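All remarks here apply to the structure that follows.
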Amino acid sequence: MPPTGGDAEPPLPRDILLDGTESAEFATELLPRLRSLPLVRVETVGTQPAYTRLTGEPELVVSTIPSDKRDWFDLGVSVTVDGRTIPFLPLFTALAKGRKRLLLVDGTYLSLSHPAFARLAELIEEAKDLAEWETTPSISRRHVSLWADFEDLADESVPAAEWRALVEEARGDRPVPVPIPRGIAAELRSYQHEGFSWLAFLWRHRLGGILADDMGLGKTLQCLALVQHVVEEAEAEAGSSASDAESAPGFRPFLVVAPTSVTPGWVAEAARFAPGLDVRRATTTEAAGGPRIAELAAGAHIVVTSYALLRLDAEAYRSTVGWSGVILDEAQFVKNQASLIHEAVRDLEAEVVIAVTGTPIENSLTELHALLSLTSPGLFPSARRFTQEYVRVIENPVGGITSGVGAGSAPAVTESLREERLQRLRRRISPFLLRRTKEIVAPELPEKIEQTISIDLAPEHREIYDLYLQRERQKLFGLIEDLDRNRFIVFRSITLLRMLALDASLVSPDFADVPSSKLDGLVDHVREVISEGHRALVFSQFTSYLDRVRARLAAEGVETVTLEGSTRDRASVVEEFRSGRAPVFLISLKAGGFGLTLTEADYVFLLDPWWNPASEEQAIDRTHRIGQDKNVVVYRLIATDTIEDKVMALKERKAILVDRVLDDGDAFGSAIDADDIRELLS
């Protein structure tokens, strides 16, 4: 009945039912305190459960044992408190659900607020995401960094005997030095010897990796040293000192895959630095009359092919007896996981896959994941989880409300999470990615001096540019919101503006008489450079503009040679420049941005900027590389108050992507998106 007067006593509280950890905590901690109060009577019905609280420090032991899944180990996690072993699954379930306490079946319970439990939950959750296990956590032998985090947390660790050597060696700052193979006819620099030893470490444990040294540091030589090492190892095991592959029965060759224009260089470099290796090159498909891949591979140490031939003859390369290893030169060619060439590489039977590229990331972390999925399968097995855990958090952090109503600490929390994920990613990939920059390992290289030259458009050119800019803005702003659907139209307009910033005649023959200030500026600088005895590389992405440059320089009496995508005899064109006949080499960025060594030049002119900084760096490194003995001067010619200004700003932001993940940097970038397009058109 409700109270009828002011002096009535308040109603008694309803019965409360406690169970689980609440019941244990009440019975062991609160109930004795209630009994001690003088005006409180405690009535007990039935037998009070015998609960016991465990209060000691948790002791963690982690271990691995081989599983029935190749290259994976079952992960054992043992937690002991006050001598009591805590069952793993109830512990992890409680941690995953954010519970503060755990009650065991024998009536003992413990607090989960200890910092070690929070960190343990994070690591087990990561292992669970990687392997998608149901009952027993698993860990790949490629997860040496994750295992190291478990070891740091645990009081004791017991890696599986099959994994122990890899774990021990991966702990070191540097790989165990390996003697340079006898058959290498070159003196390796210290960093090259270290790089070879790292490759030998990967081979020893049958692991793949990414050799991501700067362009021009001799990645090809390091890979040849690895192949020579493997060949000599096989000969020693066969008890023979002969140099031919047939003397080591069962030897499986290495497959080198490179851009078509680079494949002759591999054959030449092998003949120069590893003359004892039997190197064979595929030049056409089997259907077009080329030798069968199996016949080409029989008795060889190295088979060199191109990405195009591998894609077209994928079944022939896959069905060959198998490869000791696959070396992917200029591996950015397989950065798209949805491409046929990525699929062709993935399906090859090889003991190790080594990706060789100075630019493992050009636009997004998804490119790094694509390479790792080939070289280190199982490290990040799920592309979806990698995107969720790393790409979104690092590349596209959501900052929350920073001011006004609802403002809080979201920006700081977001940045903290971003930094934590970034550091975790660096730890996870560090055993399988080796990157050295020229500034660190080759400080003796001559200085590289970079300068941006601002070019004002001529008045008539400016009028035309501004007219086109307004027209393209009006056309595009309604399309940018759905960039994926309208990407072709958007990029066609962006390309139109980039060409117009170079030279009005590139967009219409009606503008053939409009003066090109950039062309005038280039000619002035080139004349000065060659008058002083220097030689120059001139890069543009537009071959039509290179045609105009070539005609203008010819009119000025300056001899040139040209390398474009349509150039047939690439080697003879390169030799023509090296021989000194022409002081200026005109190169399309796509055709000559990789696979060339042109240390005869010491000046570089970049006529049109691109938002992918790696493309420009690759072009510059054709001459600023090992073997250069002169300072290298780089001129970027930028048309002021045009889209080129915007591209430069965008490029600077995106350059930090590589620095942050592979080196150490300060901000971040991502692939081009709708906001970037708006900036380019602003």
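Okay, here's what the table says:
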| item | result |
| --- | --- |
| When residues of the stretch 213-231 are limited to those that are among the hydrophobic types (A, V, I, L, M, F, W, C) and not in a helix (DSSP H, G or I), the one surrounded by the fewest Cβ atoms within 10 Å (Cβ to Cβ) | Met215 |
| Exclusive hit being within 27 Å of the chain's Cα centre (by Cα) and surrounded by 23 or more Cβ atoms within 10 Å (Cβ to Cβ), set Leu607, Leu553, Leu589, Leu596 | Leu596 |
| One residue from Ala288, Ala282, Ala344, Ala297 being touching a Pro at 6+ places or on another chain (Cβ under 8 Å) and over 26 Å from Thr597 (Cβ atoms) | Ala297 |
| Which listed residue is modelled with pLDDT of 90 or more, more than 19 Å from Glu460 (Cβ to Cβ) and of a type in the set (A, V, I, L, M), from Val526, Val573 | Val526 |
| Among the candidates Arg392, Arg436, Arg421, Arg462, residue that is at pLDDT 85 or above and assigned by TED's automatic domain parsing to the domain that holds Val356 | Arg436 |
| Residue list for the stretch 40-74, restricted to those being part of a strand (DSSP E or B) and either basic (Lys, Arg) or modelled with pLDDT of 75 or more (or both) | Thr52, Arg53, Leu54, Glu59, Leu60, Val61, Val62 |
| Entirely in the stretch 282-397, the strands (runs of 3 or more DSSP E) that have 3 or more residues that are closer than 19 Å to Arg435 by Cβ and under 24 Å from the mean Cα position of the chain (by Cα) | 323-329, 350-356 |
| Helices (runs of 4 or more DSSP H) wholly inside the stretch 604-682 that include at least 3 residues being of a type outside the set (Asp, Glu), modelled with pLDDT of 70 or more and more than 23 Å from Thr437 (Cα to Cα) | 643-662 |
| Qualifying positions in the stretch 374-387 - at pLDDT 90 or above and either over 21 Å from Arg204 (Cα atoms) or of a type in the set (Ser, Thr, Tyr) (or both) | Thr375 |
| Positions within the stretch 559-597 being among the hydrophobic types (A, V, I, L, M, F, W, C), in a loop (DSSP other than H, G, I, E, B) and farther than 23 Å from Asp524 by Cα, in sequence order | Phe594, Leu596 |
| Selection count where residues are surrounded by fewer than 17 Cβ atoms within 10 Å (Cβ to Cβ) and either of a type in the set (S, T, N, Q) or within 30 Å of Phe511 (Cβ to Cβ) (or both), scope the stretch 407-457 | 11 |
| Hits in the stretch 558-610 - residues which are closer than 24 Å to Val647 by Cβ and hydroxyl-bearing (Ser, Thr, Tyr) | Ser588, Tyr603 |
| Residues within the stretch 188-212 that are surrounded by fewer than 22 Cβ atoms within 10 Å (Cβ to Cβ), part of a loop (DSSP other than H, G, I, E, B) and modelled with pLDDT of 90 or more, tallied | 1 |
| Qualifying positions in the stretch 515-531 - among the hydroxyl-bearing types (Ser, Thr, Tyr) and either surrounded by fewer than 21 Cβ atoms within 10 Å (Cβ to Cβ) or not in a loop (DSSP other than H, G, I, E, B) (or both) | Ser517, Ser531 |
| Selected residue [among the polar types (S, T, N, Q) and crowded, with 22+ Cβ neighbours inside 10 Å] from Thr285, Thr305, Thr320, Thr366 | Thr305 |
| Near pairs, Cβ below 8 angstrom, 6+ apart or cross-chain, from the stretch 232-259 (farther than 18 Å from Val303 by Cβ and buried (at least 19 other Cβ atoms within 10 Å of the Cβ)) to any residue that is modelled with pLDDT of 90 or more and of a type outside the set (A, V, I, L, M, F, W, C) | Glu232/Pro181; Glu232/Arg182; Glu232/Gly183 |
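The values are calculated or read from the model by the stated rules, or taken from the named source; none is laboratory data. All figures in this text were calculated on a predicted structure; none of them were measured in a lab. Heads up, the Cβs are rebuilt from the backbone with ideal geometry, glycines too, and the neighbour counts pull from every protein chain shown.
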